[in-house]
């Protein structure tokens, strides 16, 4: 009885090890053997900063007779007290690597209402190698803009109460670096709005500072040899445990005690009245029907009213019934 116990323990052990090895294979496959990383070779930034000086009418009470307003004053610009607004634009380009830079720019001004759009100014295209550019823009004079707006309203038959002025510079940057070529288009649009609010008629300019960044990158594939080695080790472990499992199954089946056969006397006892002993081998018939048990053969014998013949050869017992050209047979 020791062998069956040993084989069961061996079979259980290798079954457990095989399951663990398969789980190990799954686990190591969660770690990629290759990884794509993006390396930044160069970064670059375009910055546009607007500055304004609002020329005020004097005398005035609300501003305590101040003659100008700047962004740092953080004070609303009241349209009725403003004669004009002088604007400057400072553009700056920076790269993390030395670069041969060429910058081309142009500027447009567009008057917009809910009904129509009209371009009132366009600065000719300028090209420079300077990375810092300071531009003086045409002054904003509300009276002149009102005249243009009213004229277009008259021509189009529309009536608009509010409008905006969009100042749109377009900077095109081309630069050569050791990491590659830079190409960037930057359009920092400034919107000048004339609006009536709870605080009064106010002129606003937004946004005063704008930035656009970019970078030159390179994709690189990194191989993880430790992940590859882990996979090979998992494959080897699985192969070993599967081989052990196959051997333990074979060994268990070979050493498993066979179910003892029922003694032939006890098998024949319930049907002894139907069984006749013979020394002849079962004859060959055109049709042979194998039955599963001796009980099944006994039922056929009762139905056909035929005896069951019993013969023995080399420890094999054969029970059979001959019915014309058909033989019903049970072997044990």
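A short reminder: the numbers here are calculations on the coordinates, not readings from a lab. All of these numbers come straight from a predicted model, not from anything done at the bench. Positions of Cβ are generated from backbone atoms using ideal geometry, with glycine treated the same way; all protein chains shown enter the neighbour counts.
Under the criterion of Cα pairs below 8 Å and six or more residues apart, the relative contact order for the stretch 39-221 equals 29 percent.
With respect to the chain, whose longest principal axis is taken over its alpha-carbon atoms, helix 142-156 is tilted by about 70°.
Could you list 303, 22 so that the one with the fewest beta carbons within 10 Å of its beta carbon is first and the one with the most is last?
303, 22
With a Förster radius of 56 Å applied to the beta-carbon distance between residue 20 and residue 143, the computed FRET efficiency rounds to 0.05. Comparing 175, 276, 95 in a Gaussian network model of the chain, where Cα atoms under 10 Å apart are tied by springs, the biggest mean-square fluctuation is seen for 276. For the stretch 264-331, averaging the sequence separation of C-alpha pairs within contact (under 8 Å, six or more residues apart) and dividing by the residue count gives a relative contact order of 36 percent. Helices in the chain, meaning DSSP H runs of at least 4 residues, each add -39500 (n - 2.57). Divided by all residues, the mean residue ellipticity at 222 nm is -9000 deg cm²/dmol. Counted residue by residue at 0.36 nm each, then reduced by the alpha carbon distance between them, the extension gain from residue 187 to residue 154 reaches 8.7 nm.
Computed over the chain, relative contact order equals 21 percent, with contacts defined as Cα pairs under 8 Å that lie 6+ residues apart. Per-residue Cβ neighbour counts within 10 Å put 291, 192, 143 in the sequence 143, 291, 192, beginning with the fewest.
Distance from the C-alpha centroid of the stretch 134-206 to that of the stretch 32-56: 23 Å, rounded to the whole angstrom.
Between helix 294-304 and the chain, what is the angle of the helix's C-alpha long axis to the longest principal axis, kept within 0 to 90° and rounded to the nearest 10? Result, in degrees: 60.
Label-point separation (nm) for residue 79 and residue 53, each offset 7 Å from Cα along Cα-to-Cβ? Simple spin-label model gives 2.5 nm for this pair.
Label positions at residue 121 and residue 318, each projected 7 Å from the Cα along the C-beta direction, are separated by 11.9 nm. Looking at the stretch 203-332 alone, DSSP beta bridges between its own residues are antiparallel in about 60 percent of cases. Counting only alpha carbon atoms, the long axis of helix 225-255 and the longest principal axis of the chain meet at about 20°.
When 277, 35 are sorted by how many other C-beta atoms sit within 10 angstrom of their C-beta, beginning with the fewest, the order is 277, 35. Pair-distance distribution of the chain: all C-alpha pairs, bin width 20 Å, starting at 0; shares per bin in whole percent are 19, 21, 14, 12, 11, 17, 6, 0. Between residue 72 and residue 34, take the C-beta separation as r, use R0 = 51 Å, and let me know the FRET efficiency to the nearest 0.05. Using R0 = 51 Å, I get an efficiency of 0.40. Taking the Cα centre of each part, how many Å lie between the stretch 216-291 and the stretch 308-332? The distance from the Cα centre of the stretch 216-291 to that of the stretch 308-332 comes to 30 Å.
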